[in-house]
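Down below is the structure, laid out as structure tokens.
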Amino acid sequence: MLQQILVGCDHGPGTADALRLAAELATVTGGDETQLTLLHAYAPRATRFGRRGKQEELDDALHGEGMALLEGLRDTLPAALRDRVELLSVPVASPAYALHDVAAGQNADLIVIGPAQHGAVGRLLLGSDSTAIIHGAPCPVAIPPRTEGHAHEADATRAIAPIGVGYDGSEVADAAAELAAALAAAQGRALEVIGVSDVLVLPPSPGGVAPVALDPLVLERETEELLAERVASLPQDARPTAVALHGDPVHELSERSAELHLLVVGSRDYGPVGHVLLGSVSRPVLDHARCPVIVVPRRSTEQDARERS
């Protein structure tokens, strides 16, 4: 299922969490076939006063430092994975560009990065560029939580926790649901298809008609119907169930994440039920989720559609 996983690595504390998440997903979804690429990006230094030799020395030092980091990280992986790991330390001004370029070239199935961090100049910390990484990614992006005690490695209750997917009926949410169902089936977990209905106030019309608040009971019923339809269409080996919540989507999804092993959401799209807009909440959910989150970017769904046509 996940045959090629690309892991963005830096000197921040989130890299170890990203690597653990990547190793788990590689083990449970790809068996002996999954390949891992560990990528370190460092900022090239501009030449000053024609001192090219000094710049090359510095770049060589940064490259060597990056390779040493990657080799140390590789040694922390399970022995069965180490022989299937490629190490790349590349000079590039933008970590997002490096990840997108390598992911596209390798036809990667997943990018994994750590949560947002900040670090010294010359050491690009990938999590700090996570928004750009997600929105331009050619494939889904997985990010572990900022909080300690991930759902995938915490107590016994969470060890058997379900996988969740935020669903709003949009095309990118459909792609997220398919991915979540495949992950749930591969890991022997149940799947929660989660919709959040929020009170929506329609804006004033050009004619000056006052804004109208939609009936929350109508919104809840629409959400329940949408979820039931999607649950019925998913593979039953994923054991999908509908979970209809009401309130602020960021708060509700973040709170629900405490009971999940993994949460999958779509990014930047709009669904037929206009009050459930996952694209507008995926970024803040990443900041508050208490389990790993996989974001399916709109671009990856558009590429899939072109390949099918």
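The values are calculated or read from the model by the stated rules, or taken from the named source; none is laboratory data. Not measured: the values here are computed from a predicted model. Note: ideal-geometry Cβ built from the backbone for every residue, glycine included; neighbour counts use all protein chains shown.
One table, with the values for the structure above:
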read-out	value
Restricting the range 247-271 to residues that are in a loop (DSSP other than H, G, I, E, B), surrounded by fewer than 19 Cβ atoms within 10 Å (Cβ to Cβ) and of a type in the set (D, E, K, R), the residue that is modelled with the highest pLDDT	Asp248
Long-range neighbours under 6 Å by Cβ, at least six apart or interchain, first residue farther than 19 Å from Ala175 by Cα within the range 209-235, second among the aliphatic types (A, V, I, L, M) and modelled with pLDDT under 90	Pro211/Val201; Pro211/Leu202; Val212/Leu202; Ala213/Val201; Leu214/Leu200; Pro216/Val199; Glu222/Val273
Failed criterion for Ala161 (all others in (1) at pLDDT below 80; (2) of a type in the set (Gly, Ala, Ser); (3) assigned to a loop (DSSP other than H, G, I, E, B) hold)	(1)
Residue tally, condition at pLDDT 95 or above and surrounded by 12 or more Cβ atoms within 10 Å (Cβ to Cβ), over the range 61-75	7
Condition met for Ala244 (outside any helix (DSSP H, G or I), under 16 Å from Val196 (Cβ atoms) and not basic (Lys, Arg))	yes
Restricting the range 76-101 to residues that are closer than 16 Å to Asp10 by Cα and among the β-branched types (Val, Ile, Thr), the residue that is modelled with the lowest pLDDT	Val92
Selection status of Leu38, at pLDDT 90 or above, closer than 22 Å to Pro297 by Cα, in contact with a helix residue (DSSP H, G or I) (Cβ under 8 Å, 6 or more places away or on another chain) and part of a loop (DSSP other than H, G, I, E, B)	no
